[in-house]
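Participant: I'd like to ask you about the structure that follows.
Values in this text are rule-based calculations from the coordinates and carry no lab data. Please read all numbers here as calculations on a predicted model, not as lab measurements. Note that we place each Cβ from the backbone using ideal geometry, even for glycine, and neighbour counts take in every protein chain shown.
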Amino acid sequence: MKAALVTAAGQPPVFTDFNAPSALAEHHLIEVRASALSVVARARVAGKHYTSTDTFPFVAGIDGTGRLANGQRVYFFGPHAPFGALAEHTLAPAAYCVPLPATLDDVTAAAIAIPGMSSWAALTERAHFQAGQTVLVNGATGASGKLAVQIAKHMGARRIIATGRNVAALESLKRLGADTTIALQQQDEENLVGAFTPFFREGVDVVLDYLWGPSARALLMAAAKATDDKARPLCFVQIGSISGDPIALPSAVLRAAPITLLGSGSGIGSVSLARMCQAIQYVFEAVAPAKLEIATEAVPLSALAEYWSNSRSEVRTVFTVGA
C-alpha cells in the first residue's frame, strides 16, 4: 500500500510503499479516506512530542477518517504502531473509532476532529464550563481558535472575547460568535495588560489559550491586577504554544488572584482517550446544528512532500486517500 513513511529520526515522511496491516484483536482494519496534517503528527515525526518513538520505520499520522470492512464510516485515533493515518490502510483500536454522521463528509470530519475536540474538551472536561459564562479565546484567528469561538457560542457563552494578530481575521470572528475582539499586533506587555485588565474587571470565567508566550503572560498578569473582593474565579486552560515556550510568570500572579491554571490539548494525557473520543463525537454531532465552519484544503497524499512543511495555521490541510 502507499503510505507516508518515516525511516529515520528528524526526517520528513516519504510517499512510498509499505506493507498493509493485518487483523488484530480489539482493533479495526480501516480503509483510510482522509487525514489532517496536525501539529502533533508533525511533532511526533520530528521527535519533539512526548509520544514520539525511536522505532523505525513507521507511518505518520495520528488520526483520520475511513471505512471498516462492513462499509461503516468512522473517525479513528491512535493507529497501532507502526501503522499511521497517512496510508491507504491502517489499524486502529476499536475503542477509539467514532461513527460518522451521514451528513458529515470525510474531509470535514478529519479537519474538524482534533481542533474541535481541543476546545470542546477544554471547556467541558477541564474548565467545567456552564452556559452564561464569559470565555476569552487567546489566538482566535487560527483554525482551532475560530472553532473555539463557534463552540463556545454553541454551548451558550454569554460573552466571547477573541484575541489575535490578524485584524481582518479578528473582524470576521464577529460573524462566528465573538462579541469583542482585541488585536495583539504591535502591542508590548504593558499595553496588553492595560488592554486586557478592563475585561477581567467585568468578569472572565474561562480563558482558552492557543498561544502561550507574551500574550498569555499578559492575560494572567491582567487577571491578577483586576482582582478584588468580588472577582470571579478564572479557569485558564492552556491548549497550544504557537508563541513559544516558556514564560517567566511572577509567582504573585497565582497567589493574588483566584486563578486555576490547567493544560488541555490533543487529549494525550490531559484528557483520557475515551473522553477525548466522546468529545469528538459531540463535535461531529454539533457540526450541522451549530453550523460549525473550518477552512480546509484537501490534497492527495501523493502531494505529501509539497505540503508537509508548508501548511497554514488558519487552514487545515487534509490529505485524501482512496475514492
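Participant: Scan around H89 for amide H atoms under 5 Å from its own, H built in the peptide plane at 1.01 Å from N, and keep only partners 5 or more places away or cross-chain.
Facilitator: V32
Participant: Still on this model: Taking R0 as 35 Å, what's the FRET efficiency between R255 and E314 from their Cβ-Cβ distance, rounded to 0.05? If you can, show how the numbers build up before the last one.
Facilitator: Working: r = 37 Å, r/R0 = 1.06.
In this case the efficiency is close to 0.40.
Participant: For segment 117-148 and segment 218-251, what is the separation of their C-alpha centers, rounded to whole Å?
Facilitator: The distance from the Cα centre of segment 117-148 to that of segment 218-251 comes to 15 Å.
Participant: Then there is this: Please identify, among A23, A257, A295, the residue showing maximal mean-square fluctuation in a Gaussian network model of the chain using a 10 angstrom Cα cutoff.
Facilitator: Ranking A23, A257, A295 by mean-square fluctuation puts A23 first.
Participant: Report the gain in length on full extension from V299 to D17: 0.36 nm times residue separation, minus Cα-Cα distance, nm rounded to one decimal.
Facilitator: 99.6 nm
Participant: Moving on. Skipping prolines and chain starts, which residues have an amide H placed within reach, meaning under 5 Å, of the one on V137, given they are 5 or more residues away or on another chain?
Facilitator: I161, A162, T163, L208
Participant: Same structure again: Enumerate the amide H contacts of T296 below 5 Å, restricted to partners 5 or more residues apart or on another chain; note that Pro and chain-start residues carry no placed amide H.
Facilitator: Counting only residues 5 or more places away or on other chains, the set is R316.
Participant: In whole Hz, with x marking every Gly and Pro, tabulate ³J(HN,Hα) for segment 107-120 from phi via Karplus 6.51 cos²θ - 1.76 cosθ + 1.60, θ = phi - 60°.
Facilitator: Rounded to whole hertz, the list is 5, 4, 4, 5, 6, 8, 4, 5, x, x, 4, 4, 7, 4.
Participant: Starting from the Cα of K48, step 7 Å along the direction of its Cβ; do the same at M1; then give the gap between the two resulting points in nm.
Facilitator: Each label point is offset 7 Å from its Cα along the Cβ direction, giving 2.9 nm.
Participant: Same structure again: Any idea what angle helix 167-176 forms with the longest principal axis of the chain, computed on alpha-carbon atoms, 0 to 90 degrees, nearest 10?
Facilitator: Here the helix axis deviates by roughly 80 degrees.
Participant: Still on this structure, I have one more. With θ set to phi - 60° and the Karplus curve 6.51 cos²θ - 1.76 cosθ + 1.60, what are the ³J(HN,Hα) couplings of segment 288-303 in order, to the nearest whole Hz, using x for Gly and Pro?
Facilitator: Result, rounded to whole Hz: 6, x, 8, 6, 5, 10, 8, 6, 9, 10, 8, 9, x, 4, 5, 8.
Participant: H80 to I247: extension gain in nm, 0.36 nm per residue of separation minus the Cα-Cα distance?
Facilitator: Separation in residues times 0.36 nm, less the Cα-Cα distance, equals 56.6 nm.
Participant: Continuing with this model, one more query. At q = 0.10, 0.12, 0.13 Å⁻¹, what base-10 log of I(q)/I(0) does the Debye formula yield for the chain when every alpha carbon is treated as an equal point scatterer in vacuo?
Facilitator: The Cα Debye sum returns log10 ratios of -0.57, -0.80, -0.92.
Participant: Where is the GNM fluctuation largest for the chain (alpha-carbon springs, 10 angstrom cutoff): G142, G71, G84?
Facilitator: Sorting by GNM fluctuation, first place goes to G71.
Participant: Suppose R0 equals 30 Å; then what is the FRET efficiency for A131 and N70 from their Cβ-Cβ distance, rounded to the nearest 0.05?
Facilitator: Values: r = 39 Å, r/R0 = 1.29.
Between A131 and N70 the formula returns 0.20.
Participant: Treat every Asp and Glu Cβ in the chain as -1 and every Lys and Arg Cβ as +1, leave all other atoms uncharged, and give the resulting dipole magnitude about the Cα centre to the nearest 20 debye.
Facilitator: Values: 25 positive and 25 negative charges, 96 e Å.
Approximately 460 debye in magnitude.
Participant: Given points 7 Å out from each Cα along the Cα-Cβ axis, report the A195 to K291 separation in nanometres with one decimal.
Facilitator: 2.9
Participant: Now for a separate question. Subtracting the Cα-Cα distance from 0.36 nm times the residue separation, let me have the gained length for R158 to K225 in nm, one decimal.
Facilitator: 21.8 nm
Participant: I've got another one for you. Using only the alpha carbons of segment 34-138, what is the convex hull's orientation-averaged projected area in square nanometres?
Facilitator: Over all viewing directions, segment 34-138 projects a mean Cα-hull area of 8.5 nm².
Participant: What's the center-to-center distance, using Cα atoms, between segment 179-203 and segment 43-111 in Å?
Facilitator: 39
Participant: While we're here: Mind telling me which of S270, S22, S313 comes out most flexible in a GNM of the chain, alpha-carbon contacts under 10 Å?
Facilitator: S22
Participant: Follow-up question, since we're still on this one. Quick one: if you take sqrt(5λ) for each eigenvalue of the C-alpha gyration tensor of segment 108-246, what semi-axes come out, biggest first, whole angstrom?
Facilitator: After scaling each eigenvalue by five and taking roots: 21, 17, 14 Å.
Participant: Any idea what the relative contact order of the chain is, in percent, if you count C-alpha pairs under 8 Å spaced at least 6 apart?
Facilitator: Taking the mean separation of contacting Cα pairs over the length of the chain, I get 19 percent.
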